[in-house]
Amino acid sequence: MFKEGNLMTYELVYRSSKGNNNYWSVNERFTRKETGHFQWSSAIEINQIFPQLKAKYPTLFAKKKTERFYYLDVKSSKLIKLSPDQEEIKAALTPDGIPQDNYTCPLKITDSKYYAIAIDAPDGRYYFNTSKGVFLKTVNDEVRRWREFDKAAATANTIRVNKKIWNKYPDWNPLSNYVINLKTGAIVWPNKELNSFFPASFESNYGTTNSAFLLMMLEQLDTQLQEHFSSINQQPMNTIEDPIEIPQIDFERYNAKETFIALSYIVRVIAQKPLIDKALKCYDKELLQDYLHTIELADLSRFNANEFTNQLQQTRLKRRKIKNLALFLNIIAENMNVEKILKQLWQEPSLRNCYHYRHPETGQRMLDIMNVKSGEGRAGENY
């Protein structure tokens, strides 16, 4: 149906939301590689063929919005938005839109979600429920329905290799599920080309569920690996659909050395906890009793109340500092195993300034590269 040639100067491009270009390739899949793109002789041809591509490869086009497709003028490197006829797309996606004879829709549909996944069993047709991963005999609100044909087809294709689902139905052929238009009764997926992949005798000779999985997975892998094994797959790419963004860290403020200094401070304060607890006990008992007994036994007519109050206030303020520190240390000690932390840090090999090569021959080669003579220092020192 398609040809590749040097005279063709237009390519089909899908631009992601992040601005990455995905090209339709000669292997009939999308690629970000700079080579192996499928080319057409005119932009009109791309517009005309686009609905057929979308119908033929529902899985590849399922999550791609039509408004993000462009055609590339290879000569000028200019991207122009694709403008396929929406009626043509609709017609291509519903090739069997004419109601079948004597067919009645089994469900009253008011939301335009006409597409469902079904399978024929010996006792009749069953419909798929995605939330439970089961097939239902009766068409009701539990049957999953789609408004978009391509999404229904993509799900049906995924189901075919879901072993968890088919373990519930060991006597059924996983490759015999299909997408049906509930309004018309027409089976709209898979198309004839996909069916022709399997020999006519496949279903009659079908023996085990595992065989079906092997064939289906082989078909999908074949398309995927054709490009992977191709000679054009030689160079790494500097574009990706969802690029990794390395978080920026202020190492002037946050670093391992400063973290250890903070940990050291915590450890040293916790080491003072017995003394702090003892001091708090003195303020709460002995010192408080001294002040209380002074009031009890003193001659109040000769008592300097202002000086007494000032001394009591200063004592209570000192006690509050100790009390606050004790509260923090109690909570930290209850929730933080300092001894375990110190032990793990001590035993962590990555924190020792030495690396030992696992493989002696590789280690020797690396030492030779670093011009380290035998017997000078330890292997991999400072690594």
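The values are calculated or read from the model by the stated rules, or taken from the named source; none is laboratory data. Here the structure is a predicted model, which is why all the values come from computation and not from measurement. Virtual Cβ from ideal backbone geometry, glycine too; neighbours counted across all protein chains shown.
Values as computed for the structure displayed
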item: Failed item, numbered, when Glu339 is tested on (1) among the acidic types (Asp, Glu); (2) assigned to a loop (DSSP other than H, G, I, E, B); (3) modelled with pLDDT of 85 or more; result: (2)
item: Wholly within the stretch 178-295, helices (runs of 4 or more DSSP H) carrying at least 2 residues that are farther than 30 Å from Phe30 by Cα and modelled with pLDDT of 60 or more; result: 256-271, 273-282
item: Cβ-Cβ under 6 Å pairs, at least 6 apart or on other chains, the stretch 342-362 side surrounded by 10 or more Cβ atoms within 10 Å (Cβ to Cβ), far side modelled with pLDDT of 80 or more; result: Tyr357/Gly363
item: Residue in the stretch 327-336 that is β-branched (Val, Ile, Thr), under 23 Å from Ile261 (Cβ atoms) and either at pLDDT below 85 or in a helix (DSSP H, G or I) (or both) present; result: yes
item: The stretch 49-66, subset of a type outside the set (S, T, N, Q) and within 25 Å of the chain's Cα centre (by Cα), residue farthest from Pro190 (Cα to Cα); result: Lys65
item: Complete set of residues in the stretch 126-160 that are crowded, with 21+ Cβ neighbours inside 10 Å and free of Cβ contacts under 8 Å to residues at least 12 places away in the same chain; result: Tyr126
item: Residue ID - farthest from Met336 (Cα to Cα), chosen from residues in the stretch 265-321 that are among the acidic types (Asp, Glu) and free of Cβ contacts under 8 Å to residues at least 12 places away in the same chain; result: Asp299
item: Test result for Phe38, touching a strand residue (DSSP E or B) at 6+ places or on another chain (Cβ under 6 Å), under 26 Å from Lys151 (Cα atoms) and touching a residue at least 24 places away in the same chain (Cβ under 8 Å); result: yes
